[in-house]
Amino acid sequence: YTSPHLKKFNERIRINNKLISDKDIVKYYLKVKKHVDDQSFFEITTAMAFLYFNDRKVDFAVLEVGLGGRLDATNVVVPLVSIITNIGLEHTEFLGNAIGKIAYEKAGIIKNQVPVVTAAEGTALATIKKISNERNSKLCIVNEKNTNYRIGLKGEFQKLNAAIAIKAIEILKNNYGVKIKEDNVKKGLLNTKWPGRLQFLEKNILIDCAHNPHGFK
């Protein structure tokens, strides 16, 4: 479950990389609609995604937080592992205009005794450490860019994101006995695509839809 979508709404909800069908979008919207009073677009979409995943009995759901974390619609879930990639100044009108404030909101996804993975630094990391300690959650800090695997995404920063993903998989294997083959990790990192971010349309035409200074950098 991710957001926003690039070309069509269906991209937000997918299982094994297969997008939800138009028919199912209608079906799950109608299921949710009767309970709607003043919920936001994102809250309605999140409810649809949860119902869809539940009905399809998915083994694992990867949920991307919409905005912040603490008050986000996705935050009703108690996950196997929480991931906070990094912290930059974004959505300041909702989350606050300082890194510490934003980190506090993002760290709202940390649950009691649920492991946390992050590559945050400085003030943001200090905030995440404090909240992890309060909630007795084991914190794994990733600060080395993983270079053991080839990755399909362009950009040096993606090596750090890959290292975060690898650490999360390690936790699933070690804490929950989930069997994920190294070969599948290699394939996953190599085949990951992210249209619209550092994407070459032709040899000399590069497009990118970063939406804040941290992303541009």
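Considering every residue within segment 71-89, establish whether at least one is farther than 30 Å from residue 141 by Cα, touching a Lys or Arg at 6+ places or on another chain (Cβ under 7 Å) and of a type in the set (Val, Ile, Thr). Among the residues of segment 71-89, not one is farther than 30 Å from residue 141 by Cα, touching a Lys or Arg at 6+ places or on another chain (Cβ under 7 Å) and of a type in the set (Val, Ile, Thr), which makes the answer no. The residues on offer are 181, 193, and the sole one that is exposed (fewer than 11 other Cβ atoms within 10 Å of the Cβ) and without any contact (Cβ under 8 Å) to a residue 40 or more places away in the chain is 181.
Here's a check for you: in segment 97-126, which residue that is part of a helix (DSSP H, G or I) and basic (Lys, Arg) is nearest to the chain's Cα centre (by Cα)? Among them, the one singled out is 106. Touching a Gly at 6+ places or on another chain (Cβ under 7 Å) and either among the aromatic types (Phe, Trp, Tyr) or surrounded by 17 or more Cβ atoms within 10 Å (Cβ to Cβ) (or both): is that true of residue 123 in this structure? Answer is no for this residue. Within segment 110-136, residues that are of a type outside the set (Val, Ile, Thr) have Cβ atoms under 7 Å from residues that are in a helix (DSSP H, G or I) in these pairs: 115/171; 115/175; 119/160; 119/164; 120/103; 120/128; 124/99; 124/103, counting only partners at least 6 apart in sequence or on another chain. Answer yes or no as to whether residue 212 is closer than 29 Å to residue 99 by Cα, polar (S, T, N, Q) and in contact (Cβ under 8 Å) with a residue 40 or more places away in the chain. Taking the combined requirement at face value, the residue satisfies it. Screening the candidates 30, 6 for the property of being open to solvent by 30 Å² or more (accessible area, probe 1.4 Å) and either in a helix (DSSP H, G or I) or among the polar types (S, T, N, Q) (or both) yields one hit, 30. Selection of segment 127-164 for residues being closer than 19 Å to residue 175 by Cα, part of a loop (DSSP other than H, G, I, E, B) and either in contact with a Gly (Cβ under 9 Å, 6 or more places away or on another chain) or open to solvent by 100 Å² or more (accessible area, probe 1.4 Å) (or both) yields 136, 138. Per the listing 38, 22, 59, the residue uniquely closer than 27 Å to residue 118 by Cβ, charged (D, E, K, R) and either at pLDDT below 95 or open to solvent by 60 Å² or more (accessible area, probe 1.4 Å) (or both) is 59.
The values are calculated or read from the model by the stated rules, or taken from the named source; none is laboratory data. Everything numeric in this text was worked out from a predicted model, so none of it was measured. Virtual Cβ from ideal backbone geometry, glycine too; neighbours counted across all protein chains shown. Each accessible area value is taken on the protein alone, full model and side chains, heavy atoms only, with ligands, DNA and RNA left out. Shrake-Rupley method; radii C 1.70, N 1.55, O 1.52, S 1.80 Å.
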